[in-house]
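The values are calculated or read from the model by the stated rules, or taken from the named source; none is laboratory data. In this text the structure is predicted, and so the values were computed from the model without any measurement. When we count neighbours, we look across all protein chains shown, and the Cβ atoms used for this are built from the backbone with ideal geometry, even at glycine.
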Amino acid sequence: MLVKDRGKSIRIRKLEVMQRRVIKLHPKYLTMEDELSGRLAGHFGEQSNDYFLKPFRDFSVMHDLRLTAHESYFQIDTLLLSPRYLLNLEVKYITGTLVFDHLNQVIRVKDDGSEEAFRNPIFQVKRQQSHLIEWMIKNRIPPIPVRSLVVMSNPRTIIKAPPSNKDVLHYITHSPYLQEKIKMIDKMYTDEKLTIKKISSRAFIVRSVFICRLCVNMENGTAQDVTFNLKIFISPH
């Protein structure tokens with residue numbers, strides 16, 4: 001069941017407006033175009049990943065969550081909610097090869113052979129998972145297992161890691177294999193955690209309460225979004 005749909009981010013929408021209004025000869029035009037292109041690729045990658053979630057009708061699905069933790073915000077691309085566990089999905093559209101070494105450093109090798117340091121997406125989903133658990137405690141949500149996955153939406157992305165790096169196998173998957181990964185996780189959690197005794201529709205009721213609190217918190221966070229600063233594209237200096 002889709003509870004919250006996915007939409008273009010505020011940053012993408014504003015970049016699209018600026019692209020239409022700024023002349024192509026402007027010194028900042030290419031910078032703006034490159035950022036917009038990268039962000040749109042990520043957005044369409046997230047949308048393409050949604051196709052692989054369609055068979056899981058028992059889940060409540062929420063996209064683009066922005067929640068509070070430690071007086072700041074954290075974001076979740078997609079959250080799957082069931083009475084037995086929650087699954088946090090961080091969707092990445094990456095070109096080239098990601099190399100994880102034994103020190104958990106990540107190097108991205110681009111298609112042209114150049115290399116650059118890359119933020120470890122596994123650390124990112126671990127932080128998201130920790131923040132989500134803290135948020136649940138703060139909002140008095142009954143304890144429930146939380147799992148996280150990094151989903152590579154570009155099927156051409158190559159992942160390399162030494163056998164000693166177990167986190168890569170545990171946390172990272174490609175979109176076409178997401179369904180099998182979810183089925184494996186599904187078998188690990190058989191006990192319903194979000195339940196209210198003596199209520200026939202207990203799982204649905206508690207799940208609805210959880211969703212309502214998510215939506216309220218998300219709306220409160222969105223209202224306080226910091227306005228994107230367009231001056232970097234307008235100023236010629």
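What the table shows:
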| read-out | value |
| --- | --- |
| Residues satisfying the stated conditions in the stretch 175-184, i.e. crowded, with 16+ Cβ neighbours inside 10 Å and either out of contact with any Pro (no Cβ under 9 Å at 6 or more places or on another chain) or closer than 10 Å to LEU149 by Cα (or both) | LEU178, LYS181, ILE182 |
| Which listed residue is among the β-branched types (Val, Ile, Thr), buried (at least 18 other Cβ atoms within 10 Å of the Cβ), more than 22 Å from TYR51 (Cβ to Cβ) and in contact (Cβ under 8 Å) with a residue 60 or more places away in the chain, from ILE144, ILE122 | ILE144 |
| Set LEU53, LEU80, LEU30: member being at pLDDT 80 or above and either out of contact with any Cys (no Cβ under 6 Å at 6 or more places or on another chain) or loosely packed, with under 15 Cβ neighbours inside 10 Å (or both) | LEU80 |
| Matching strands (runs of 3 or more DSSP E) fully within the stretch 115-161 where at least 1 residues are in contact with a helix residue (DSSP H, G or I) (Cβ under 7 Å, 6 or more places away or on another chain), farther than 24 Å from TYR85 by Cβ and not polar (S, T, N, Q) | 158-160 |
